[in-house]
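Remarks on the structure that follows.
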Amino acid sequence: MPAVPPYIIEPVWEQFEALLPERKTDHPFGCHRPRIPDRVVFEKLVAVLVFGCAYWRIAEEGCSATTLRRRRDEWIEMGLMEALEGIALAAYDRIIGLDLADVCVDGCITKAPCGGEKAGKSPVDRGKQGIKRSTMVDANGIPLGVLSAPANHHDSPLHGPTLEAFADLPEQASVHLDKAYDSKVTRRLLEERALVGVISEKGNKAPLTGGLRWVVERTNSWHNAHKKLVWCTEREDRVIDFWIAFSNVIIMVRRLIR
């Protein structure tokens, strides 16, 4: 059974393949080992994303764990996954249209057992190492920007950088937030950007379905279906962002096809 259905992964691969640089795979003297096809590496990285397994568990005789990490690093250096994420978002906006009249922002804490550049003590997991994703979505749950930070970072200071991840928010758009963002700093930040804050007040119970906050919670669950984000063993910032961008691409293409 494939990690991702073929009807989703095929268009993702076709666009990703178009971004890859041309390479010579034949050597006139026959003294070099043939390069592992990019398609083979791509499919194995999809399995790593979905199942969250270690590279050596998904590797095989024809494609080692070292090859998977090396090819992943090559693609990170070329910025291919970020470019693919931008293409997927633009395609969704062109075909269906982003609903930017209402956007939602919220944080989600996951585990980071190996520590690393983006790991911090989790306030919801007995101080174990964790990562927080601050996610902004449109009214239909399409991820517009995701910022990763240590788990011990409060949601409120991450709000500004998360909004900056998507520069095309219209003026007077409603930003739906939970009570963790209820502060003068957050309201001032929204006013400076000509945005309207719909914020749950501290001390008052607000049901999740009372506004549009459930939309970003649903997107968090879509991200968490990709177990590499739930149990992140990566230690480098750039690699974590690679997997987040990869997850965003699959989410957007799935929603676009449906």
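The values are calculated or read from the model by the stated rules, or taken from the named source; none is laboratory data. Only a predicted model underlies this, so the values are computations on that prediction, with no experimental measurement involved. A quick note on method: Cβ atoms are made from the backbone with ideal geometry, for glycine too, and the neighbour counts reach across all protein chains shown. For the accessible areas, the whole protein counts, side chains as well, though only heavy atoms, and no ligand, DNA or RNA atoms are used. Shrake-Rupley method; radii C 1.70, N 1.55, O 1.52, S 1.80 Å.
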Among TRP56, TRP243, TRP214, TRP231, what's the order by accessible area (1.4 angstrom probe), most exposed first?
TRP56, TRP231, TRP214, TRP243
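Any chance you could tell me what percent of the C-alpha pair distances in the stretch 1-116 go past 24 Å?
Of the Cα pairs, 42 percent sit more than 24 Å apart.
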Simple SL model, points at 7 angstrom along Cα→Cβ for GLU217 and SER64; separation in nm is 4.7
In Å, what is the Rg of the alpha-carbon atoms in the chain, and how long is Dmax?
19.7, 74
Can you give me the % of accessible surface on the stretch 156-258 that is carbon or sulfur? Probe 1.4 Å, all protein chains present, nothing else counted.
51
In a GNM of the chain with a 10 Å cut-off on Cα contacts, which of LYS121, LYS202, LYS184 has the highest mean-square fluctuation?
LYS184
Where does the chain land at 222 nm, in deg cm²/dmol rounded to the nearest 500, when only DSSP H runs of n ≥ 4 count, each adding -39500 (n - 2.57), divided by all residues?
-14000 deg cm²/dmol
Radius of gyration and Dmax for the stretch 91-156's Cα atoms, expressed in Å?
14.6, 45
Quick one: dipole size for the chain, taken about the Cα centre, charges +1 on Lys/Arg Cβ and -1 on Asp/Glu Cβ, in debye to the nearest 20.
980
Note: the stretch 93-208 at 20 °C, 1.002 mPa s; Kirkwood Rh on alpha carbon pairs; Stokes-Einstein D in µm²/s works out to 144
Per 0.36 nm of contour for each residue apart, how much would the distance between LYS202 and TRP56 grow if the chain were fully extended, relative to their Cα-Cα spacing?
47.9 nm
Per residue, how much accessible area does the stretch 147-258 have with a 1.4 Å probe, in Å²?
50
Membrane-span-like helices in the chain: DSSP H runs reaching 18 Å or more (Cα, own axis), mean Kyte hydropathy at least -1.0?
6-19, 38-51, 80-95, 237-257
